[in-house]
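K.L.:
Here it is: the structure, laid out below.
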Amino acid sequence: MNSSNLVIALTKGRILEETLPLFQQADIVPEEDVFKSRKLLFDTNQDNVKLMVIRGSDVPTYVEFGSADMGVAGKDLILEYGSEGFYEPLDLQIAACRLMTAEPVNPGPMSDCLKVATKFTHIAKKYFAEQGKQIELIKLNGALELAPSLGLADAIVDIVDTGKTLEANNLEPKELIANISARVIVNKASMKIKNAIIRQILGRLRDAVESN
Ligand code: AMP
């Protein structure tokens, strides 16, 4: 951890488009166009604040181990990471969606042991265990929606926004596992060592969230 700079890890992709306006309202503006540059680390208008732009699934790791002091990541990825190695002080209320189970609209014969395809294996395992249901987990990184129609799984666990992706693949949402939005997370040691600047940024971001 660099004690003079404050590094904030942002999730690239659709969350970033909603994150940057909030950061701008909090007076943190990258000096380059983060959507055009291939850089991963950006200077900002604040001399001591740098922004990293990385995959959401890596944000909790960078923050837990202190390579980034703060981060913005979807609650789905924070739950999947499954650690209490950082604080989660602020809900940015952006990139809202739901983590749900989904099944075919016209289910075929069920397997003896429910086969669930997902990239959120940690969350799914915990959720079905809490329901007292034994499942067989199938880890997929994409195109989950195809798994039931190809006989690979009976159900999936995935992010649902409008529900159109499920509908287009003859699936329907079933159980809500968690409401998801982007959260700010903070490294525990940074919170102590860099408390003044982190509190200032959190306060400004909170004001930005409340004014929207
Ligand atoms: P939809 O068809 O609107 O229900 O969108 C579902 C697809 O969009 C899923 O496959 C998700 O991977 C993706 N998606 C929607 N909202 C989000 C979000 N806030 N964060 C990450 N992925 C999302």
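Every number in this text was worked out from the coordinates using simple rules, so none of it is lab data. Since the model is a prediction, treat every value here as computed from it, not as a measurement. Every residue, glycine among them, receives a Cβ derived from its backbone with ideal geometry; neighbour counts consider all protein chains shown.
K.L.:
Mind checking which residues of segment 154-167 are farther than 21 Å from Ile94 by Cα and either without any contact (Cβ under 8 Å) to a residue 12 or more places away in the chain or among the hydroxyl-bearing types (Ser, Thr, Tyr) (or both)?
P.N.:
Glu167
K.L.:
Kindly indicate the residue of segment 152-168 that is buried (at least 22 other Cβ atoms within 10 Å of the Cβ) and among the β-branched types (Val, Ile, Thr) and also nearest to the ligand (Cβ to nearest atom) among those meeting that condition.
P.N.:
Ile156
K.L.:
Examine segment 130-139 for a residue that is within 12 Å of the ligand (Cβ to nearest atom) and closer than 27 Å to Phe86 by Cα, and state whether such a residue exists.
P.N.:
No: segment 130-139 contains no residue that is within 12 Å of the ligand (Cβ to nearest atom) and closer than 27 Å to Phe86 by Cα.
K.L.:
Go through segment 168-193 residue by residue and tally those that are within 19 Å of His122 (Cβ to Cβ) and out of contact with any Leu (no Cβ under 7 Å at 6 or more places or on another chain).
P.N.:
The total comes to 4.
K.L.:
If you don't mind, another one. Regarding Leu10, is this residue of a type outside the set (Asp, Glu) and within 16 Å of the ligand (Cβ to nearest atom)?
P.N.:
Criteria met by Leu10.
K.L.:
On to the next question. What is the residue count in segment 1-29 for residues that are in contact (Cβ under 8 Å) with a residue 12 or more places away in the chain and either under 16 Å from Ala68 (Cα atoms) or aliphatic (A, V, I, L, M) (or both)?
P.N.:
So the count comes out to 18.
K.L.:
Oh, and also: Go through segment 1-28 and give me each residue that's among the aliphatic types (A, V, I, L, M) and under 20 Å from Lys194 (Cα atoms).
P.N.:
Met1, Leu6, Val7, Ile8, Ala9, Leu10, Ala26, Ile28
K.L.:
Does segment 85-100 contain at least one residue that is within 14 Å of the chain's Cα centre (by Cα), surrounded by fewer than 19 Cβ atoms within 10 Å (Cβ to Cβ), within 15 Å of the ligand (Cβ to nearest atom) and of a type in the set (D, E, K, R)?
P.N.:
Taking every residue of segment 85-100 in turn, at least one turns out to be within 14 Å of the chain's Cα centre (by Cα), surrounded by fewer than 19 Cβ atoms within 10 Å (Cβ to Cβ), within 15 Å of the ligand (Cβ to nearest atom) and of a type in the set (D, E, K, R).
K.L.:
Counting just the residues of segment 169-188 that are closer than 18 Å to Leu114 by Cβ and more than 11 Å from the ligand (Cβ to nearest atom), which one comes out nearest to the chain's Cα centre (by Cα)?
P.N.:
That would be Ile177.
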